[in-house]
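Read the figures in this text as sums done on the coordinates, not as results from a lab. Treat the numbers as computed from the prediction; the structure is a model and nothing was measured. Neighbour counts are summed over all protein chains in view; Cβ atoms, including those assigned to glycine, are modelled from backbone coordinates with ideal geometry.
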Amino acid sequence: MRYLFGTGLIGAVMGGVSLLRGSRETPVTWRAVLAWVSWGITLALAIGAAVDLRRAEKGIDVDVDSPVAAKQIKQAKRDAKREAKEEKRASR
């Protein structure tokens, strides 16, 4: 439920509502089509970010191009370093 109310999704939906209100009585031009395509891309990116956050929270690997991937890689390096230290201590 937390992902449903993320700021990215809310912003994309509100942008769509605003775009819908503004384009109700106007003719369809290339600018209107471009605005709707832009809104669709924004919505897709917001949904993708929510999916990546959920995957990262569950411990599932995310794609390398995701903003969440940097945190996940950093955490994996910390965990590996911590495990190496524990193994070194145990071997003493």
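Between helix 7-22 and the chain there is an angle of about 10 degrees, using the helix long axis and the longest principal axis of the Cα atoms.
Model label points for ARG24 and ILE47, set 7 angstrom from Cα along the Cα-to-Cβ axis, are 2.6 nm apart. Compute the helix-to-body angle for 67-91: its Cα long axis versus the longest principal axis of the chain, expressed 0 to 90° and rounded to tens. Around 10 degrees separate the two axes.
In debye, nearest 20: dipole of the stretch 7-91 around its Cα centre with unit charges on the Cβ of K, R (+) and D, E (-)?
The dipole of the stretch 7-91 has a size of about 360 debye.
Simple rule: put +1 on each Lys or Arg Cβ and -1 on each Asp or Glu Cβ in the chain, find the dipole, and look at GLY16, THR26, ALA90; the Cα lying farthest toward the positive end is ALA90. Helical runs assigned H by DSSP (4 residues or longer) give the chain a calculated mean residue ellipticity at 222 nm of -26500 deg cm²/dmol, each run adding -39500 (n - 2.57) before division by the residue total. Match the structure shown to one of the listed values [x] 1.29; [y] 1.08; [z] 1.02 of Rg/Rh (Cα atoms, Kirkwood Rh), computed from it, and give that label. Label of the calculated value: [x].
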